1. Which one of Ala63, Ala206, Ala270 has the biggest mean-square fluctuation once the chain is modelled by GNM with Cα springs under 10 Å?
2. Through the Karplus equation 6.51 cos²θ - 1.76 cosθ + 1.60, θ set to phi - 60°, convert the phi angles of segment 64-69 into ³J(HN,Hα) values in whole Hz; use x for Gly and Pro.
3. Pick from Gln95, Gln27, Gln193: which residue has the top mean-square fluctuation in a GNM of the chain where Cα pairs under 10 Å get a spring?
4. Per residue of segment 273-279, in order, report the coupling 6.51 cos²θ - 1.76 cosθ + 1.60 (Karplus, θ = phi - 60°) as ³J(HN,Hα) in whole Hz, putting x for Gly and Pro.
5. With an 8 Å cut-off on Cα pairs and a minimum separation of 6 or more residues, tell me the relative contact order of segment 29-105 in percent.
6. Would you work out the relative contact order for segment 87-244, in percent, from Cα pairs under 8 angstrom that are 6 or more residues apart?
7. What is the extension gain from Val153 to Ala289, computed as 0.36 nm multiplied by their sequence separation minus the C-alpha to C-alpha distance, in nm to one decimal?
8. With a Förster radius of 22 Å, plug the Cβ-Cβ distance of Ser168 and Arg268 into 1/(1 + (r/R0)^6) and report the FRET value to the nearest 0.05.
Amino acid sequence: MTTEATPPAAETTPPAAPAGPRALARQRRRRSAVRFWARYRTHRAGLVGLAALGLFALVALTAPLTVGSDVSSVTDAPGGPLESPSTQFPLGTDQFGRNLLGLVIWGARVSLLVGLLAAVLSVAIGAVVGITAGHFRGAYGTVLMRITDWFLVMPTLVLAIALATVMSRSLGTVILAIGVTTWPTTARLVRAQTLAVESRPYIERARALGGGHWHVMSRHVLPNVMPLVLAQTTLMVSSSILAEATLAFLGLGDPTVVSWGGLLQDAREAGAVSAGDWWYLVPPGIAIAVVAMAFTLCGRAVESVLNPRLGVAG
């Protein structure tokens with residue numbers, strides 16, 4: 001009597017465990033980043049600005065290796081005062097005989113650092129003021145907006161000069177002076193966006209379910225205004241770099257560091273304008289203009305990607 005062999009039971013794989021909320025959040029962020037980059041690549045001007053910023057950032061980060069920290073030394077200057085461009089000094093020398101090419105490269109570190117930190121400080125103040133003024137209406141929001149209006153009508157440069165004059169001359173003072181005088185525009189924009197967000201039905205549902213002020217502002221309002229804040233940050237960096245150059249040109253910057261605005265101020269003191277020493281003025285001026293334009297192009301591209309209804313051409 002033969003018995004039929006029973007086939008072996010098919011191996012079954014256990015079902016995959018459902019992804020947790022953190023894993024889902026990471027997946028959403030990755031997909032959002034991929035969509036953002038795919039849209040950003042369609043803006044040719046934004047890509048040009050991003051490439052220019054990447055080049056300047058690389059030059060600034062590698063400055064200690066390419067030119068060395070002794071490039072600003074006056075006692076060990078390699079050339080004579082105000083030498084015109086040559087094979088040894090492609091951009092000539094300054095009034096102390098220092099290599100201007102090395103000074104421009106080293107100055108990128110300070111100018112970019114001050115521009116980024118001042119822009120972040122300015123946008124952070126403006127975002128906090130705008131969100132709170134839009135959320136807490138009534139007397140509190142009215143007082144904040146009147147303060148904002150006062151800062152808007154006051155000349156920003158005059159306020160920054162006043163702060164930089166009464167405080168010690170340092171990079172921290174320059175960053176603070178720029179940051180606390182340029183936030184009102186961001187505050188106005190963020191407040192308008194906050195009012196639009198809080199008029200939506202899900203905000204009422206969140207409040208009905210017991211969500212407090214902090215919950216509504218941090219979980220609902222802030223994520224919706226972050227695209228505007230990000231775009232405003234990229235646009236503010238160029239203004240901050242120009243403001244830093246202006247303060248340094250007026251002699252209100254840190255005299256112990258090399259920046260593009262400081263080089264222009266040194267050229268003015270050396271009489272480069274009247275003497276026709278163009279190589280002392282043109283390189284730092286072009287560097288400031290190119291970086292400011294690059295940040296502006298990136299900011300316009302980011303703003304167009306995050307808010308396609310603006311219709312900004314690429």
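The values are calculated or read from the model by the stated rules, or taken from the named source; none is laboratory data. Model, not experiment: these values are computed from the prediction. Backbone-built Cβ (ideal geometry, glycine too); neighbour counts: all protein chains shown. Accessible surface areas use protein heavy atoms only, side chains included; no ligands, DNA or RNA. Shrake-Rupley method; radii C 1.70, N 1.55, O 1.52, S 1.80 Å.
1. Ala206
2. x, 8, 7, 10, x, 6
3. Largest GNM mean-square fluctuation: Gln27.
4. Calculated HN-Hα couplings, in order: 5, 6, 7, x, 7, 5, 5 Hz.
5. Averaging sequence separation for qualifying contacts and normalising by length gives 21 percent for segment 29-105.
6. This gives 35 percent for segment 87-244.
7. 46.3 nm
8. 0.45
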